[in-house]
Amino acid sequence: MSENLEISKNQSYCILGLLIGISLVLKAYTYLTSPPTDLLKSMYVLALLLGLIIIVLVYALTKELTDNNIAALFASSLAMFIPLYSWKTVNFLNHTFAVILLLLTFLALMYVKETRYWRTLTVIPLILSLVHVYSLIFLPIILLYFLLTKLEKKEVSKREYIFAGVSAMFIIGIFIFLTSTPNLLIMTQEYVRVGYYSLAAENFSITKAFLIAGLLPVYLGAIGAYYAIPKKKKMALLMISACGIFLAAMLFNVIPITIGFPYLGLMLACFAGEVFVRFEKTILTSRIKEKLSSLTFALFVIIFVLNLLHFLKFIKY
């Protein structure tokens, strides 16, 4: 019986490096196509470079979800085309940093049981709470996650509960501090007001956000979520919780779509890894299983070309 297509860790890292290089070229093209003002140039370059880290995080999240290196690379190849925040977005650097920190928090929650340095990982949600007021969304996400693990009778370690509890204390504590005095409250309200209304004024809609992100990450991600849910893996439950909370927050206008959609899009890109797993299993049970390597390469090329054409068409939005 044929086995799944496998590549070594070194090969995975080489391909991941190639994806990061391609993403760097795309970000350079974005910069040249829509150059920022002189005052924002250095900050925008930093934000673009930080965005490269997200490709690695999507790889790690998808690897945890699917236990498949190639599926993780497939998800990363989709994620690198998902737009984050343009220089025209107020606090774009903070928003980009917050995406990275939230994805790191998700990874940390999955790994606290396996590492002896798990206490150190609580620094990640602490920094997140200092960087962005929308770190508060981690609270309903983690509550929904624990509810789903309870319903699915999944084992949750003591470390996971401690990590989640400490993270919640940091986030709530920082928020209370920032609203504890009239001056700090005014500063916090002004930060949210400026960020929120500047984004709301862009007149974004859910439809437009999905259109700019591309149909492939969205639809493949939705299909992948459908495949992932029956497996009942904890990572799948966590990402389903995140997708549900972010989608609800955007639909009910709690979070501007321009802020929330990169999170949702990246979660869906991770779920797209499950589509590759299903593709691989389908080929292996067919008469063309010997062609798996060639078909996989062709799939990556087709997905890349379609995403590139979409990127070039909607880059100015």
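It is to be established whether one or more residues within segment 146-166 are among the hydroxyl-bearing types (Ser, Thr, Tyr) and crowded, with 20+ Cβ neighbours inside 10 Å.
Applying the first criterion (among the hydroxyl-bearing types (Ser, Thr, Tyr)) to segment 146-166 yields 149, 157, 161.
Now narrow it down to the ones that are crowded, with 20+ Cβ neighbours inside 10 Å: none.
No; the residues of segment 146-166 include none that is among the hydroxyl-bearing types (Ser, Thr, Tyr) and crowded, with 20+ Cβ neighbours inside 10 Å.
Does any residue in segment 108-133 that is within 23 Å of residue 65 (Cα to Cα) come within less than 7 Å, Cβ to Cβ, of a residue that is among the hydroxyl-bearing types (Ser, Thr, Tyr) and in a loop (DSSP other than H, G, I, E, B) six or more places away or on a different chain, and which pairs are these?
Within 7 Å, the pairs are 113/157.
Condition first: of a type outside the set (Asp, Glu), under 17 Å from residue 101 (Cβ atoms) and within 22 Å of the chain's Cα centre (by Cα). Can you find one or more residues in segment 142-153 that meet it? First the steps, then the outcome.
Going through segment 142-153, the residues of a type outside the set (Asp, Glu) turn out to be 142-151, 153.
Narrowing further to those that are under 17 Å from residue 101 (Cβ atoms): 142.
Narrowing further to those that are within 22 Å of the chain's Cα centre (by Cα): 142.
Checked segment 142-153: at least one residue is of a type outside the set (Asp, Glu), under 17 Å from residue 101 (Cβ atoms) and within 22 Å of the chain's Cα centre (by Cα).
Kindly evaluate residue 252 against the criterion of being under 24 Å from residue 138 (Cβ atoms), more than 16 Å from the chain's Cα centre (by Cα), surrounded by fewer than 16 Cβ atoms within 10 Å (Cβ to Cβ) and aromatic (Phe, Trp, Tyr). Break it down stepwise before answering.
Values: under 24 Å from residue 138 (Cβ atoms): yes; more than 16 Å from the chain's Cα centre (by Cα): yes; surrounded by fewer than 16 Cβ atoms within 10 Å (Cβ to Cβ): yes; aromatic (Phe, Trp, Tyr): yes.
Judged against the criteria, residue 252 is a match.
Mind checking whether some residue in segment 73-85 is at pLDDT 85 or above and more than 22 Å from residue 261 (Cβ to Cβ)?
Yes, segment 73-85 has at least one match.
Looking at segment 123-136, which of its residues are at pLDDT below 90 and among the β-branched types (Val, Ile, Thr)?
Answer for segment 123-136, where residues must be at pLDDT below 90 and among the β-branched types (Val, Ile, Thr): 131, 133.
Does residue 204 count as at negative phi and at pLDDT 55 or above? Walk me through how you get there before you give the answer.
On the way: at negative phi: yes; at pLDDT 55 or above: no.
Considered against the rule, which asks whether it is at negative phi and at pLDDT 55 or above, residue 204 comes out as no.
Determine which member of the set 139, 109 is over 13 Å from residue 170 (Cβ atoms), modelled with pLDDT of 90 or more and either in a helix (DSSP H, G or I) or in contact with a Gly (Cβ under 8 Å, 6 or more places away or on another chain) (or both).
On the way: 139 fails: over 13 Å from residue 170 (Cβ atoms).
Exactly one of 139, 109 is over 13 Å from residue 170 (Cβ atoms), modelled with pLDDT of 90 or more and either in a helix (DSSP H, G or I) or in contact with a Gly (Cβ under 8 Å, 6 or more places away or on another chain) (or both), namely 109.
If only one of 45, 58 is in contact with a Leu (Cβ under 8 Å, 6 or more places away or on another chain) and either surrounded by 13 or more Cβ atoms within 10 Å (Cβ to Cβ) or under 16 Å from residue 103 (Cβ atoms) (or both), which one is it?
Working: 45 fails: in contact with a Leu (Cβ under 8 Å, 6 or more places away or on another chain).
On inspection, the qualifying residue turns out to be 58.
So residue 257 fits all but one of (1) modelled with pLDDT under 80; (2) within 21 Å of residue 76 (Cα to Cα); (3) not basic (Lys, Arg); what number is the exception?
For residue 257, the failing item is (2).
The values are calculated or read from the model by the stated rules, or taken from the named source; none is laboratory data. All of these numbers come straight from a predicted model, not from anything done at the bench. Reconstructed Cβ throughout: ideal geometry from the backbone, glycine too, with neighbour counts over all protein chains shown.
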